[in-house]
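Since the structure comes first, as structure tokens, the remarks are kept for the end.
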Amino acid sequence: MDLIQYSFNVEKDDFDRAGEASSNIKKILRQLGIDAAIIRRIAIATYEAEINIVIHSLGGKIELEVDPQSIKIIAGDRGPGIANIKLAMQEGYSTASDKVREMGFGAGMGLPNMKKCSDKFEVESVFGKGTTIKMVMYI
């Protein structure tokens, strides 16, 4: 298998389409014959990343890279950035608005769930510019 790459745009506050990118990634991985347990982990991590982009940023994209050894998910956004990554990694910590919480999001589990589902996990954030999350799952 050669390197396979896809990119999906994610728009700010687009709750109607939230989950489309992660759903499309799941379909692609199924077509490639990736193990169902790995697909499940990737679907969870990607959905969490996608929702964070919708809730907390001005929009961004999710990139998928598949090679014979691994699957990489890179979620990047334009926006406020994360002021305190260590605090944001704590389960239950959230900066989501009351409106977002009323819709059932913003429980503060996004980043912790992404880390749990990844074999390698990295967050880079520049306050006032944006955040990039890199996740790797080994096949």
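Bear in mind that the values in this text are calculations on the coordinates, not laboratory data. Keep in mind that this is a model prediction, so the values were computed, not measured. Note that we place each Cβ from the backbone using ideal geometry, even for glycine, and neighbour counts take in every protein chain shown.
Taken one residue at a time, the phi angles of segment 66-80 give Karplus couplings (6.51, -1.76, 1.60, θ = phi - 60°) of 10, 10, x, 9, 8, 10, 10, 10, 10, 10, x, 9, 9, x, x Hz. Gly and Pro are set to x.
For segment 6-23 and segment 108-139, write down the distance between their C-alpha centroids in whole Å. Their Cα centres are 17 Å away from one another.
Put a plus charge on the Cβ of each Lys and Arg, a minus charge on the Cβ of each Asp and Glu, and nothing anywhere else: the dipole of the chain about its Cα centre is then about 200 debye.
Taking a quarter of the surface of the convex hull around the Cα atoms of segment 4-138, what do you get in nm²?
Working: hull surface 29.6 nm².
Orientation-averaged projected area of the Cα hull: 7.4 nm².
Applying the Karplus relation 6.51 cos²θ - 1.76 cosθ + 1.60 with θ = phi - 60° to segment 28-42 yields 3J(HN,Hα) values of 4, 5, 4, 4, 7, x, 5, 3, 4, 5, 5, 4, 4, 4, 5 Hz, where x marks Gly and Pro.
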